[in-house]
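The values are calculated or read from the model by the stated rules, or taken from the named source; none is laboratory data. Quantities reported herein were computed from a predicted structural model and do not represent experimental measurements. Every residue, glycine as well, gets a Cβ built from its backbone with ideal geometry; the counts of neighbours run over all protein chains shown. SASA here: full protein model, heavy atoms, side chains in, ligands and nucleic acids out. Shrake-Rupley method; radii C 1.70, N 1.55, O 1.52, S 1.80 Å.
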Amino acid sequence: MRLFSALLERLAFTPARTVKLALLRAYFAEAPDPDRGYALAAIAGTLVLPAARRSLIRDIATARVDPVLFELSYDYVGDLAETVALIWPVREAAVEEPPSVSLVVETLRAATKSEMPGIVERWLDASAPSVRYAILKLMTGGLRVGASGRLAKTALAEIAGIAPDEIEEIWHGLEPPYRPLFDWIEGRESRPDPAGAPVFRPPMLAHPLEDADLAALDPEDWRAEWKWDGIRVQLVRTAGGVRLYSRTAENIGAAFPEILDALDATGEAVALDGELLVLRDGEAAPFAELQQRLNRKTPTGAMMARFPAFVRLYDILFDNGEDVRGLAFDVRRKRLEAWVERVRPERMDLSRLIPFADFSELAALREAARAASIEGLMLKRGASAYLPGRPRGMWWKWKRAPLTVDAVLMYAQRGHGKRSSYYSDFTFGLWREGEDGPELVPIGKAYFGFTDEELRFLDRWVRHHTIGRFGPVREVEKALVLEIAFDAAQRSTRHKSGIALRFPRIARIRADKPAHEADGLDAFVKAYLAH
Amino acid sequence: MKATEWLVPRAEGLYCAPGDFFIDPLVPVPRAVITHGHADHARPDHGAVLATEETLAIMRLRLGEDRAGATQQPLRYGEELTVGGVRLRLEPAGHVLGSAQAVMERAGTRAVVSGDYKRAPDPTCRAFAPVPCDLFVTEATFALPVFRHPDPLREIDKLLRDVKLFPDRTHVVGCYALGKCQRLIALLRQAGYDGPVWLHGALRPLCGLYERFGVALGDLRPATEAAKGELCGGIVLAPPGAIADRWARRLADPVVCLASGWMQVRQRAKSRGVELPLIISDHADWDALLTTCREVGAEDIWVTHGREDALIHALAGFGIRGRALRLIGYEEDETA
C-alpha cells in the first residue's frame, strides 16, 4: 500500500502527461501482483467494491477524537478521507504492517458490516497518513487520482513496447487483478484471448482536411456523410454481453440504458460504429442536449424522456460474428445497410451518404448546412479498410469554417504545467446596454489557439494592465480585443450571458481594434441563436 | 502580583510594564525585545533593540544598519539581565538561527514569550528549551490535530527519490529565505546529498550569514550563473514567489516543490500549483504545541496568532486557561 499511496500522492499533484506516464510505469514495474492489478482497476474505475458508508469512517474517527476538534479540522481540510487520514490518533506504536492493496480489496469484499469498523481501525493504526488516505479513498470509491484508465493502459503499453490500442482490444475481456495482462506485457505469456467477450475495438479516426489536400482528390474515390455533433460510440453485442463504448474505450452503457436495451433486443452478434445523439422532433439535437445526459452516470426516467438518445450508424465492424474490418468501406456500407434493413433496430438509424458530382458542390452544401447538430462533412475513401488509429489518406473530416466574434479580454488566470508561469486562461465578453451605459458580460473562456509568441504577448499584456486580483484571477483593463473562433453557440442557463460557445479559441489578437468596437451581445444572439 | 498583570497585550504588541519594553512589537517603539529575525517579528525603526547576537545580525542584514534599531544590545542564551523591575533572559526557541524565548521574572512570578518555535530537531539552530512558568505565550500556527509534521528526513528522502526518478528535470524548492532555506540545505547534507545546491539570489545573503555563525552548508552556487544543462537533475532553492513565476522559466522542465507545514493539506498544495509538496515546517505541530503547553506547567496560556480556537479548546480539557490575544500583524505565512 505504501507504493500505491505514494503513486496516488504524486499523480494528484502532477499536471504533465509524460510525467504521469513515467510514474505509472515505475509503479507497475515495482509493485507486486496482485496489488498492481487492483491498483490498475482502481485507476481505471473497474474496481467494484461494496460502498463503505461515509458515516462508518466518520464514526470510527469521532470515537477517538474530540468531536469539536474533529469538526474544526474537517472544516479546515474540507475532505472527509483526508481529515481522518491526518487526524487519526494512533493508540500505540504500530504493531502490524500496513495492509497491502490486495488485502484491503479482498477484505472489503468479504467482511461483514459488523466486522468493518474494527478492521478499518486496525488498518489505520498500522499506517502512515498517506497510506490511510489511500485506504479510505479505496473504501469510499472517490479515488480521483488525476490519471485515467487510458493513461494507465498507455503506461502498460509503453512497458511492453506496443500500441495502447492492443491493450484496449482485450481490456474489456479481462477482470481485476489483470494477471494475464501483466503476464503478457512482461513477456511471460501470450496475448490473452478475449474469445466471446464484448470487447472494444480501437476506432478509425479522420484527419482534418485542408483546402490544399482537396485538389489532389478524385471525387470518384470518395464518399461523403455529415459529421454529426454528438459523441462517437461503438456498440458491441456478443454472446458474452452488450456494451456501449465511448471513443476512448470507456464503458458508458449505464448512462444510456435505452441504447443497450435496443442493441440487446436485436439478438445479433455485431459491432457498430456511430454517433450518439439526442432526438428532438425527429431531428438530431445540438450537443448541449446530449451534454445533459453525459453529465449523469445513471439517468432518471424523466431525463430519458426529455432527452431521448439514439445512435446514427456510420459503420459495421463485426457482422454476425464475422470481422469485416478488412473489407472496403463500400462493401461494409452495403453490409451495414443490409443489416439495418433486416434487423430494423430500435433507436438507431443510418447516417445518410450525400451524393455529389464534384467537391465544389460539396463545399456549397457544407457552407449551407446551418443545423447546430452538424459539425461539417466526413470524406471516406470507398476502398478504405477499417483501420485503428488515424491512418493517412483514408478518412478526412471537413469541418465548417469556424464562426468568429470580436470579444474583449476581461480576466486572465495562470495555466498549469509548462504554462504555470503564464497567464494563459482568458475570459472574454461582449458589450450590452447596462443601467449605467455599456457594460461587458462574459461569454466564454479560451486557453488555446495562440502561438507561443502570442502567449508571451498576452502574458505581458495581462501583467501590465491588471486592475484587480481575486485569488489566482486577474481582472484587466477592458482594452484588448480578441477574435474568438468557435464551432457553435448554444443557449445556456449556467452562464450570466445566457450563451455558451463550443470549442472557443483565440483566432487572432486584435490589438489594432478599439475595445468599444468589439461585438455586442444582442447582435451575437440574433446572428447565431435566432433559430 | 500575577504575571498576567505585569505583561500586557497592547495594540502595538506585548508590553512588559515593569521593564518598559515590548516583545516583537508591530510598530516602532522606544524599547523592543526581538525573539527572532522573521519580518513580522523583527520590524524596523525601533529605538533600543535587545536580541541574540544572531538575530541582531539578521536584522542588520535584512533591514539595513540604519533601521535595525537606534541601539542594539546582544544577549547570550541563558545570560540574565535586570531591566527596570524585571529580570530578563533569552532561551532557545528552536525556530531559526538565533531564535529565542523571552523569559521574564518579577516577584516570584515568571512569564515566557516563546515567539515562534518548534520541537523537531534542526541542525541549524539550538533546540527549544522548555522553561517552567506561570504565564506562557504561544503561537498556534498549526494548532489543529490534522497537523502532525512527519520526520523531515523522510520528506528529504521523498525529494531525493524524485530527483532520481526524473534526472533530466530541475527540482525547484520554494522556501522562506530565513531558516527554512538553510534547514533544507542542512537536511540535504544530513541525508548524504553532497552535490551543489543552486540558490536564487534572494537566498544567498542569509546563507552567508549562517555560515559566518558556524553553520556549514556545503557547496552553494548561484542559479543564475549555472551553465546551460547544469541544472538538469539539480536542486534549486528559491523564494516561493519565484518558483511559479518568470524567474523559473530559466529552469529545465522544473518540478515545483514547496517546503512548508501547510503542504500537509492537499488543497493548499494544489492551489499553489505545487507538484511535489514537502511537509517541512519550522513551527510546532499539534502534538508539540500540546506537549509544550503542558510541560511548562503554566496556569495561563495566551495565544498570539493562528488557530487559537482548537488549541484553547484542547487546553481546557487539561484544565489550563487559554486566552486568544488575536494580535493583528503576525503573518499567516504560506511558507511556515
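Mind listing whichever residues of region A:378-390 are assigned to a loop (DSSP other than H, G, I, E, B) and either surrounded by fewer than 16 Cβ atoms within 10 Å (Cβ to Cβ) or among the aliphatic types (A, V, I, L, M) (or both)? Lay out the reasoning, then the answer.
Of region A:378-390, the ones assigned to a loop (DSSP other than H, G, I, E, B) are A:382-388, A:390.
Listed by number, the residues that qualify are A:GLY382, A:ALA383, A:ALA385, A:LEU387, A:ARG390.
Condition test on B:VAL33, is it open to solvent by 50 Å² or more (accessible area, probe 1.4 Å) and β-branched (Val, Ile, Thr)? Explain how you work it out, then say what you get.
Numbers: open to solvent by 50 Å² or more (accessible area, probe 1.4 Å): no; β-branched (Val, Ile, Thr): yes.
For B:VAL33, the condition - open to solvent by 50 Å² or more (accessible area, probe 1.4 Å) and β-branched (Val, Ile, Thr) - is not met.
Considering region A:82-102 alone, what residues qualify as being surrounded by 15 or more Cβ atoms within 10 Å (Cβ to Cβ) and either free of Cβ contacts under 8 Å to residues at least 60 places away in the same chain or among the aromatic types (Phe, Trp, Tyr) (or both)? I'd like the intermediate steps shown before the answer.
Initial filter on region A:82-102 (surrounded by 15 or more Cβ atoms within 10 Å (Cβ to Cβ)): A:82-88, A:98-102.
Scanning region A:82-102 gives A:GLU82, A:THR83, A:VAL84, A:ALA85, A:LEU86, A:ILE87, A:TRP88.
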inquiry  = Of everything in region B:118-144, what is under 19 Å from B:LEU88 (Cα atoms) and in contact with an Asp or Glu (Cβ under 7 Å, 6 or more places away or on another chain)? Give them in sequence order.
reply    = B:ALA129, B:PRO130, B:VAL131, B:ASP134, B:LEU135
key: Of all residues making up region B:128-157, the number that are within 11 Å of chain A (Cβ to nearest Cβ) and in contact with a strand residue (DSSP E or B) (Cβ under 6 Å, 6 or more places away or on another chain)   = 1
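Looking only at region A:2-22, which residues are outside any helix (DSSP H, G or I) and open to solvent by less than 20 Å² (accessible area, probe 1.4 Å)?
Here is the first cut: in region A:2-22, the residues outside any helix (DSSP H, G or I) are A:14-16.
Hit for region A:2-22 is A:THR14, nothing else.
Between A:ALA500, A:ALA523, which is small (Gly, Ala, Ser), surrounded by 14 or more Cβ atoms within 10 Å (Cβ to Cβ) and not in a loop (DSSP other than H, G, I, E, B)? Give the derivation first.
Details: A:ALA523 fails: surrounded by 14 or more Cβ atoms within 10 Å (Cβ to Cβ).
The match here is A:ALA500.
Identify all residues within region B:255-267 that are facing chain A (nearest Cβ under 9 Å) and crowded, with 18+ Cβ neighbours inside 10 Å; write none if there are none. Give the derivation first.
Step one: filter region B:255-267 for residues facing chain A (nearest Cβ under 9 Å), giving B:255-256, B:264-267.
Across region B:255-267, the qualifying residues are B:VAL255, B:VAL256, B:GLN264, B:VAL265, B:ARG266.
Is it the case that region A:400-410 has a residue that's polar (S, T, N, Q) and over 23 Å from A:PHE287 (Cα atoms)? Don't jump to the end; show me each part of the working.
Initial filter on region A:400-410 (polar (S, T, N, Q)): A:404.
Narrowing the set further to residues that are over 23 Å from A:PHE287 (Cα atoms) leaves none.
So far as region A:400-410 goes, no, none of its residues is polar (S, T, N, Q) and over 23 Å from A:PHE287 (Cα atoms).
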task = Have a look at A:ARG25, A:ARG36, A:ARG58 and point out the one that is in a helix (DSSP H, G or I), at pLDDT 95 or above, more than 14 Å from every other protein chain (Cβ to nearest Cβ) and over 18 Å from the mean Cα position of the chain (by Cα).
result = A:ARG36
message = I need the full set of residues from region B:296-310 which are facing chain A (nearest Cβ under 10 Å) and over 19 Å from the mean Cα position of the chain (by Cα), in order please.
response = B:ASP309, B:ALA310
key: Test: residue in region A:487-496 that is surrounded by 18 or more Cβ atoms within 10 Å (Cβ to Cβ), at pLDDT 90 or above and either of a type outside the set (A, V, I, L, M) or touching a Cys at 6+ places or on another chain (Cβ under 7 Å) (or both)   = no
query = Across region A:399-424, what is the number of residues that are within 13 Å of chain B (Cβ to nearest Cβ) and part of a strand (DSSP E or B)?
reply = 4
query = What tally of residues in region B:85-126 results from selecting those that are out of contact with any strand residue (DSSP E or B) (no Cβ under 8 Å at 6 or more places or on another chain), surrounded by fewer than 20 Cβ atoms within 10 Å (Cβ to Cβ) and among the small types (Gly, Ala, Ser)?
reply = 3
query = When the residues of region A:67-83 are filtered to those that are in contact with a helix residue (DSSP H, G or I) (Cβ under 7 Å, 6 or more places away or on another chain) and either among the acidic types (Asp, Glu) or under 14 Å from A:LEU138 (Cα atoms) (or both), which remaining residue is farthest from the other protein chains (Cβ to nearest Cβ)?
reply = A:LEU80
inquiry  = Within region B:167-177, does at least one residue satisfy the condition of being in contact (Cβ under 8 Å) with a residue 12 or more places away in the chain, farther than 18 Å from B:ALA238 by Cβ, within 13 Å of another protein chain (Cβ to nearest Cβ) and not small (Gly, Ala, Ser)?
reply    = yes
request  = Just one of (1) in contact with a strand residue (DSSP E or B) (Cβ under 8 Å, 6 or more places away or on another chain); (2) away from chain A (no Cβ under 14 Å); (3) over 19 Å from B:LEU231 (Cα atoms) trips up B:LEU184, so point out which.
outcome  = (3)
inquiry  = List the strands (runs of 3 or more DSSP E) inside region B:167-279, counting only whole elements, that have at least 1 residues being within 27 Å of B:VAL146 (Cα to Cα) and touching a Cys at 6+ places or on another chain (Cβ under 8 Å).
reply    = B:171-174, B:255-259, B:276-278
message = Please pick out the residue among B:LEU81, B:LEU63 that is open to solvent by 20 Å² or more (accessible area, probe 1.4 Å), out of contact with any strand residue (DSSP E or B) (no Cβ under 8 Å at 6 or more places or on another chain), without any contact (Cβ under 8 Å) to a residue 60 or more places away in the chain and not charged (D, E, K, R).
response = B:LEU63
message = Just to be sure I understand the filter: pairs with C-beta atoms under 8 Å, separated by 6 or more residues or on different chains, first member in region B:150-162 and more than 15 Å from A:ALA6 (Cα to Cα) and open to solvent by 50 Å² or more (accessible area, probe 1.4 Å), second member assigned to a helix (DSSP H, G or I) and of a type outside the set (S, T, N, Q). Which pairs pass?
response = B:LEU153/B:LEU187
Residue satisfying all of: in region B:282-311; open to solvent by 40 Å² or more (accessible area, probe 1.4 Å) and of a type outside the set (S, T, N, Q); farthest from B:MET263 (Cα to Cα) among these = B:GLU299
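Taking the criterion of being in a helix (DSSP H, G or I), open to solvent by 50 Å² or more (accessible area, probe 1.4 Å) and either small (Gly, Ala, Ser) or more than 30 Å from B:PRO150 (Cα to Cα) (or both), would at least one residue in region A:142-156 satisfy it? Explain how you work it out, then say what you get.
Going residue by residue through region A:142-156, those that are in a helix (DSSP H, G or I) are A:149-156.
Adding the requirement that they be open to solvent by 50 Å² or more (accessible area, probe 1.4 Å) leaves A:150.
Restricting the remaining residues to those that are either small (Gly, Ala, Ser) or more than 30 Å from B:PRO150 (Cα to Cα) (or both) gives A:150.
Yes, region A:142-156 contains at least one residue that is in a helix (DSSP H, G or I), open to solvent by 50 Å² or more (accessible area, probe 1.4 Å) and either small (Gly, Ala, Ser) or more than 30 Å from B:PRO150 (Cα to Cα) (or both).
Looking only at region A:435-469, how many residues end up being outside any helix (DSSP H, G or I) and touching a residue at least 24 places away in the same chain (Cβ under 8 Å)?
Step one: filter region A:435-469 for residues outside any helix (DSSP H, G or I), giving A:435-451, A:465-469.
Filter once more, so that each one left must be touching a residue at least 24 places away in the same chain (Cβ under 8 Å): A:438, A:440-450.
Qualifying residue count for the region: 12.
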ask   = Is it fair to say B:GLY192 is within 14 Å of chain A (Cβ to nearest Cβ) and small (Gly, Ala, Ser)?
value = no
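Check every one of the helices (runs of 4 or more DSSP H) wholly within region A:256-373 and list those with 2 or more residues that are modelled with pLDDT of 95 or more. Walk me through it before giving the result.
On the way: elements: A:257-266, A:287-294, A:301-306, A:329-343, A:359-368.
Counting at least 2 such residues, we get A:257-266, A:329-343.
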query = Within the set of pairs 6 or more residues apart or between chains, which connect a residue that is within 30 Å of A:PRO308 (Cβ to Cβ) inside region A:342-363 to a residue that is modelled with pLDDT under 95 and open to solvent by 60 Å² or more (accessible area, probe 1.4 Å) with Cβ atoms less than 8 Å apart?
reply = A:ILE354/A:LEU365
ask   = Can you tell me how many residues in region A:139-170 are modelled with pLDDT of 90 or more and within 28 Å of A:ALA81 (Cβ to Cβ)?
value = 6
